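Colleague: Once you've had a glance at the structure underneath, I'll fire off some questions.
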Amino acid sequence: MKRQTGNYIIVTLSALIMVLTVYIGTSWLKRVKVDMTEEKLYTLSDGSKTILGKLNTPLTLKLYYSKTSANKGTEGLRTFNNYFFYVRDLLEEYVAHSRNNLKLEVIDPRPDTKEEEDATTFGLKKFQLTETEKYFFGLVVENNVGTEKVIEFFDPGQQENLEYDLTRLIYSVINPRKKKVGILSSLPLLNEKLTPYMAQLMKMQGKPTKESWIITKLMKEFYNVSKVEDDTEKISGLDILLIAHPKKLPEQTLWAIDQYVLGGGKVLLFVDPYSIVDNVLSRGRPGGEKKSNLKKLMAKWGVELEEGKLAGDRYLSGIGRMNARMQPQRLLPLLECDQRCTNTHKDAISYKLGSMTFLYPGSLIVLDKEQKEKKIYPLLSTTEKGNSYKFSTWKLSDPKFLWDDFKEGNKSVQLGYKIVGKFESAFPEGVQIKRKGKDKKEKEVLLTGLKKSSKETAIIVFSDVDFIHDQFSFKTTIFGVSLNNDNSTLVLNSLEQLSGSKELMEVRSKGRFNRAFDVVNKIEFESEATTAKKVAEINTSIEKFEKELEQLGRMVNEGNIGLIQNEGIKKKKELTKRIALLKGELRDVKRKGREKIEELGSNLQYLNTLFMPSLLFIFGIFFHFKRKKGIKKDS
Amino acid sequence: MIRVTELSKSFEEIKAVRSISFEVKQGEVLGFLGPNGAGKSTTMKMLTCFLAPTEGDATIFGKSILDEPIEVRKKIGYMPENAPLYDDLTVDEFLHYAAQLREIDKNKEMDAVENVLKICAIKEVQFQGIETLSKGYKRRVSMAQALIHDPEVLVLDEPTDGLDPNQKHDVRSLIKSLAKDKCIILSTHILEEVEAVCTRAIIISSGKKLFDGEPHELKEKSSLGRVDDVFRAITTGAKVEGVTL
Amino acid sequence: MISHSVKTIFKKELKSYFATPLGYVFCVIFLFSIGYVTFESGKGSFFVLRQADLSSFFRYIPWLFLFLVPAVSMRLWAEERKSGTIELLLTLPVTVREAVLGKFLASWAFIGFNLLCTFPIVLTVLYLGDPDIFVILVGYLGAFLLGGAYLAIGCFFSALTKNQVISFICTVVFCYLLTMAGSPPILEFLSTFFHRYFLNLFESLSIINHFETMGRGVVRLGDLWFFAVIILAWLYGCEAILDEKKAS
């Protein structure tokens, strides 16, 4: 009896030792790892590490996770439990790289405790699981003077941007000042003189108001926004310069921008080969160019807007009409970008943005292949079937012409770039400008300044300006203004990155690589191409019929009206037959494409479920008999 | 040379073997006699290091079963009770497996197997699955396995149990022929077997050694010359006619 | 540690998987089921999801292993004990540790062979798209370690009883517990008896959490440590049990 009790004690003890060894070992050794993923899921990017290296004040990271409540929930919450582990592991990476400046606290707020109250006060998102159980999953970063920043809720769907979000949060705690944005634009983005009261008054009087654009108002919530005149000689005191649709800027302004950039100033630039907003706003004054460029400066920054060309992509074209009389149809200049345009670039600015509308966007190209002191990151592009096309203004209103004339490409066209690094001056010799002296006489003055960047900076360029206008990015309803798409998010993301440091800009999204089934996609594309051809055939037949009918109609006179009507009916019958036939063929093509994919799927399924088992089965039987035979023969 | 000193084994409250001591010299065949459950198998299992003794020790050619169990096992060939074998192997595979685990040289392995196949007369079933063999063959295969490394000590647990008279005869003559240069311990409850093959006999009952001597001494104890009577008298302690202990 | 005896036992045991129908039956069932659940829409939905990775495949490995590995392990010692061959094996100059190791490694190699036989699925993703091959390899390593952990547990229970069915059931139940250790309902159930800290301990035992991080392509020393400790601890337990109970 004694011996048995002894055994039980030994068993219990060994089990306990095992559990403890596992627990202690796994928590100690967790950080030692080989990250074999192409995405480097568990490794911080250099940008984050640099920012952490610059930390010199202690910060506390409070990770709120309602573990106990989650356990009371459904099995589905395991996804969140898992994501919590990932967030915690990544935060531990941060702590490890922070030279002891970061402290991580994991808090499980229980109902009716101080922790729960805190979580609510910090503004973390709260989900009511049951009557009493609430669910929190957020982060608070605090420094020792009481500045705090929060992530309200960790969404497992946003895993790709997690590192960027965390680094940005830490950065914003260290740099809490509201950044200054200056706007330099040929379009009325900002109307400083108009106070809201005045605007209201003018509206009530029925006068057309010249309010700031909604995007500007939105920017004002996060930044100090001011106007930069377009004949300025010197730009200073800004964190970010926003240049929208720069048209024929005078030399001194170009000089000012040049020097601003070389001095480390950041720029968000919108150039446009054809601005529809510009066109509408200047309706009173026909003629005049609707394009903008900053060729001279951009050349030094390493990118160029292709002159006289637009970017198009049939697969991204939106449906709309150019004027009230037109049938809604696919319009090449209306480019509706989805995640195909953004996710491949894995940049937090555009990553996962799924609906952006551009009008007559241009095509950006990288100039010099060799980039020594600067890095150029693409942000936004068309699909691989996109292409750039030449245009002339008078053809722009003919959608059918544009559509038919367009040739599909095999390389995506770039619509946005981020450039980080050091640049050279576009005015190495300085610039001669005319300046009015005190005696109101114009004098030639030579301005000289920096020839090369004094420190690294960043520039973001987009090849469209229309997309930031109210009409294409917001909708006004009786409930007020609301977001229409991700256009404004793209602008705000850009500003946010620019307002951070260079390092923050180099924190990449841990994007999922495109791991689609290429073979299946190819079948689908082929089938789509054939389908498009059939649809075109059907449309031509209908057109042809309409023309013939028209011709018949012209030949009508009193004598042959009956005959012609008969003829018309006959023709119509023929057409209906033909269309039915073509539609049948169309269905066939579609079905064949689908069947081909389904067939591939089931073939692969058979291969994977039946091939190896049957092989083994045959081998098994073979060896069995061989063995039997061997035994018999030898005995 | 086997020397057993005060070996005991108890399972929980049951004392299976109580302080048994004896010696077996080279050339001797020791018959282990006793009723079922007397502790014969347990003693043998301890000698082959399958079971650890509760108390006492035994040495086999100077190696202690407590301190050097692996060395001890190397010296012993053991045929367990009922001759358990791997049914899914053929005789040939099984003997090779045993030879390899006995660490017989790769180039001597073939000869060793051939040798025991001959000795035990199982050549004709060499490539047969063990599952298909008759009881007699199975015994002999088990015997072959015990002999494969030509051990100095042979421990056989009821080697003739369940065999027909001819097979019994064969096994006994095999044991006799092996006896010259080995120590052999065999357990049995068939008394004539002791007379036939053993040079010495030990009778144990309820784990205690009750008799240790030559078989003819056992026979002499009965005036009628019946070993059965002597056996019964010793193991049960009852008075049996014509037996003087 | 890998002595001559371990090698000999390893070879004999591994051979016996292919000498008997049992090995083939196991292989065929495993390969068919994993192929089926990987592709079946509503389960793995591999072809429907159109992602060139093997997450549909690896997701079901723990659940198939949960039943198939105990089927492999149940006979390891229970059969030896039942037929009495254990007496033969352990009176040969072989230590219990060598025997346990040899048998364990053989069945582990057999599990490994089964995993290798799933190579058509790897060829399939390579054909269909551009998968991250390292993630797949790490996933396989994880699956192999998972199989090893289940197997070690199975060894233990196989040594504990002569009855294969009991051994099978105990192994399944225990593996299930370890697999689900991180699952909210089970944690909640335990939280009614134990303190929070104990729950953390318990959760760290969850096999599936460690398996899933490997499935994502990260080899953490902590995870390797986990599997190593689990395997060695249960094998050690198996050895202790055999030492103690081999005669009964």
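Please treat every number below as a calculation from the coordinates, not as lab data. Please read these numbers as outputs of a predicted model, since none were measured by experiment. Note: ideal-geometry Cβ built from the backbone for every residue, glycine included; neighbour counts use all protein chains shown.
Colleague: Determine the distance separating the Cα centre of region C:102-153 from the Cα centre of region B:110-154; give it in Å without decimals.
Modeller: Here the two parts' Cα centres lie 41 Å apart.
Colleague: Now a separate question. Find the centroid of the Cα atoms in region A:348-379 and in region A:312-338, then give the distance between the two in whole Å.
Modeller: Between the Cα centres of region A:348-379 and region A:312-338 lies a distance of 22 Å.
Colleague: What number does the protein assembly as shown give for Rg over Rh if you use C-alpha atoms and the Kirkwood radius?
Modeller: Here Rg/Rh amounts to 1.17.
Colleague: Moving to a separate point now. Order of B:E23, A:E595 from fewest to most other C-beta atoms within 10 Å?
Modeller: A:E595, B:E23
Colleague: Once you have a ≥ b ≥ c as the square roots of the Cα gyration tensor eigenvalues for chain A, tell me rounded if a/c is under 1.5, and otherwise prolate or oblate according to whether a/b is larger than b/c.
Modeller: Because a/c hits 1.5 or more and a/b fails to exceed b/c, chain A counts as oblate.
Colleague: Continuing with this model, one more query. Amide H to amide H under 5 Å from A:S355: which residues, 5+ apart in sequence or cross-chain, H placed 1.01 Å off N in plane?
Modeller: Residues meeting the amide H criterion: A:D486.
Colleague: Apply the membrane-span-like helix rule to chain C: whole DSSP H runs, Cα extent along the own long axis of at least 20 Å, mean Kyte-Doolittle hydropathy at least -1.0. List the helices found. Numbers along the way, then the final one.
Modeller: Numbers: long enough: C:4-19 (22 Å, -0.37); C:21-39 (27 Å, 1.92); C:55-83 (42 Å, 0.38); C:96-116 (30 Å, 1.14); C:133-160 (41 Å, 2.15); C:164-179 (22 Å, 2.05); C:221-245 (35 Å, 1.14).
Span-like helices here: C:4-19, C:21-39, C:55-83, C:96-116, C:133-160, C:164-179, C:221-245.
Colleague: Continuing with the same structure: Shielding of C:14-24 by partners, i.e. mean partner chain Cβ atoms within 10 Å per residue?
Modeller: What the average comes to for C:14-24 is 4.
Colleague: At what distance in angstrom do the alpha carbon centres of region B:15-82 and region A:535-603 lie from each other?
Modeller: 101
Colleague: At a 10 angstrom cut-off on C-beta neighbours, averaged per residue, how do the peptides A:601-614, B:80-93 rank from highest to lowest?
Modeller: Details: A:601-614: 17.5, B:80-93: 20.4.
Those peptides, ordered most packed to least, come out B:80-93, A:601-614.
Colleague: Which aspartates and glutamates have a Cα lying under 14 Å from the Cα of A:K234, excluding residues fewer than 8 positions away in the same chain?
Modeller: A:E251, A:D258
Colleague: Further question: Calculated from DSSP H runs of 4 or more alone, at -39500 (n - 2.57) each and per residue, what is the 222 nm mean residue ellipticity of the protein assembly as shown, nearest 500?
Modeller: Rounded to the nearest 500, it is -15500 deg cm²/dmol.
Colleague: Using modelled backbone amide H atoms (1.01 Å from N, in-plane), which distant-in-sequence or interchain residues come within less than 5 Å of B:D57's amide H?
Modeller: Here B:T5, B:L7 satisfy the definition.
Colleague: Would region B:185-245 count as rounded, prolate or oblate if I go by the C-alpha gyration tensor, calling it rounded below 1.5 in a/c and otherwise prolate when a/b exceeds b/c, oblate otherwise?
Modeller: The shape class here is oblate.
Colleague: If you don't mind, there's one more thing I want to ask. Averaged across C:211-224, how many Cβ atoms of other chains sit within 10 Å of each residue's Cβ atom?
Modeller: Averaged over the peptide's residues, the number is 6.
Colleague: If the cut-off is a Cα-Cα distance under 17 Å, which lysines reach A:K296, setting aside same-chain residues fewer than 8 apart in sequence?
Modeller: By straight Cα distance, A:K296 reaches A:K247, A:K248, A:K422, A:K451, A:K452.
Colleague: Where in chain C is the longest stretch that carries no chymotrypsin sites (Phe, Trp or Tyr not before Pro) classed as loop by DSSP and with at most 16 other Cβ atoms within 10 Å? Don't skip to the end; give the middle numbers.
Modeller: Numbers: sites that count: C:F193, C:F194.
With a cap of 16 other Cβ atoms within 10 Å, the longest stretch comes to C:1-192.
Colleague: Using the per-residue mean of other Cβ atoms lying within 10 Å as a proxy for protection, in what order, highest first, do the peptides A:361-368, A:125-132 fall?
Modeller: On the way: A:361-368: 19.9, A:125-132: 12.5.
Taking the mean over residues of other Cβ atoms within 10 Å, the ranking is A:361-368, A:125-132.
Colleague: Also: Write out the trypsin sites (Lys or Arg not before Pro) in region C:1-94 meeting two conditions: DSSP loop, and at most 14 other Cβ atoms within 10 Å of their Cβ.
Modeller: Loop-located and lightly packed - C:K43.
Colleague: Sticking with this one: If neighbour count is taken as other Cβ atoms inside 10 Å, put C:V100, C:V135 in order from fewest to most.
Modeller: With the fewest neighbours first, C:V100, C:V135 line up as C:V135, C:V100.
Colleague: Counting only other chains, what is the mean number of Cβ atoms within 10 angstrom of the Cβ of each residue in peptide A:415-422?
Modeller: Numbers: counts 0, 0, 0, 0, 0, 0, 0, 0.
Mean inter-chain Cβ contacts per residue within 10 Å come to 0.
Colleague: Would you list the P(r) distribution for region C:147-248, with all Cα-Cα distances sorted into 10 Å bins from 0 and each bin expressed as a whole %?
Modeller: 15, 39, 33, 12, 1
Colleague: Sort A:H469, B:H96, C:H210 so the one with the fewest other Cβ atoms within 10 Å of its own Cβ comes first.
Modeller: Fewest to most other Cβ atoms nearby, the residues stand as B:H96, A:H469, C:H210.
Colleague: Name the shape class, rounded, prolate or oblate, that the alpha-carbon gyration tensor gives for region C:4-245, where a ≥ b ≥ c are the square roots of its eigenvalues, rounded holds for a/c under 1.5, and otherwise prolate holds if a/b is larger than b/c and oblate otherwise.
Modeller: Values: a/c = 1.96, a/b = 1.30, b/c = 1.50.
It is oblate, given that a/c is not under 1.5 and a/b is not larger than b/c.
Colleague: Hey, what angle do you get for helix B:106-119 against the long axis of chain B, alpha-carbon based, 0 to 90 degrees rounded to 10?
Modeller: Compared with the principal axis, the helix lies near 50 degrees.
Colleague: Sorted by packing (mean other beta-carbon atoms within 10 Å per residue), highest first, where do A:530-539, A:420-429 land?
Modeller: Working: A:530-539: 14.4, A:420-429: 17.5.
Result, highest mean first: A:420-429, A:530-539.
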